[in-house]
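Data first, discussion second: the structure below is written as structure tokens.
The values are calculated or read from the model by the stated rules, or taken from the named source; none is laboratory data. Model, not experiment: these values are computed from the prediction. Here Cβ is always computed from backbone atoms with ideal geometry, including for glycine, and neighbour counts include all displayed protein chains. The protein model used for the area step is the full one, side chains on, heavy atoms only, and it has no ligands, DNA or RNA in it. Shrake-Rupley method; radii C 1.70, N 1.55, O 1.52, S 1.80 Å.
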Amino acid sequence: YRPLAPIESHIQARPPNTMSASLSVPHTNDPAAFGASTPFILIARVQVKPGKVKEYLAIADETDLSVQDSEPGMLHHTFDVSETDDHAYAWSEVYQNDAALEAHLSNPVVGAYLQKHAAVCESFSVEVYGTLSDKTAEAARALPFPVKIWKTALGYSRVK
């Protein structure tokens, strides 16, 4: 990972932002401002086997309810279907911080989901959008499916 070369040359001076008081991470072009304590997005892409959509949706629904009840650091958790492929789904997840992802990965509900899902899915992959600590990134990369991490180069967050 390497940040954009001199990013300062691309930034224009801006007037003060009165909305900044509501930000959990104010706008910055310093990648070091993001890490273990900042929110991030995870997208898990699922390709369901033909003839298994109804079974998979039941597994996903059960998992979603259980995650809602057991993971307060999971701020957003939806299961979305592609508008062009009725066998392609994505979990859209927003985590409060690294500890929330670590809780998710160690949640027995998620382990049960992954076991059930293996029989009805063709593929599963994960993309993380945000900077994780080295420890959490290592745990994510050790999962038994492809994981790609996109580190934050600049931005802000209102997620608290």
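A single entry from T136, T152 fulfils the requirement of being crowded, with 18+ Cβ neighbours inside 10 Å, touching a Phe, Trp or Tyr at 6+ places or on another chain (Cβ under 6 Å) and either closer than 25 Å to N29 by Cβ or of a type outside the set (V, I, T) (or both): T152. Among the residues of segment 46-61, is any part of a loop (DSSP other than H, G, I, E, B), of a type in the set (V, I, T), at pLDDT 95 or above and farther than 24 Å from T131 by Cα? No, segment 46-61 has no match at all.
If you scan segment 123-158, which residues turn out to be of a type in the set (A, V, I, L, M), assigned to a loop (DSSP other than H, G, I, E, B) and closer than 24 Å to V46 by Cβ?
Step one: filter segment 123-158 for residues of a type in the set (A, V, I, L, M), giving 126, 128, 132, 137, 139-140, 142-143, 147, 149, 153-154.
With assigned to a loop (DSSP other than H, G, I, E, B) added as a condition, the list becomes 132, 142-143, 153-154.
L132, A142, L143, listed by residue number.
In segment 74-91, the residues that are more than 14 Å from D64 (Cβ to Cβ) and outside any strand (DSSP E or B) reach residues that are open to solvent by less than 40 Å² (accessible area, probe 1.4 Å) and among the β-branched types (V, I, T) with C-beta atoms within less than 9 angstrom, at least six apart or across chains, in these pairs: D86/V48; D86/V53; H87/V46; H87/V48; H87/V53.
Every condition in (1) acidic (D, E); (2) in contact (Cβ under 8 Å) with a residue 24 or more places away in the chain; (3) touching a Phe, Trp or Tyr at 6+ places or on another chain (Cβ under 9 Å) holds for E102 except the one numbered (3). Taking residues in segment 139-160 that are of a type in the set (S, T, Y), and partners anywhere that are part of a strand (DSSP E or B), the pairs with Cβ atoms closer than 7 Å and at least 6 places apart or on different chains are Y156/V25; Y156/P26; Y156/H27; S157/V25.
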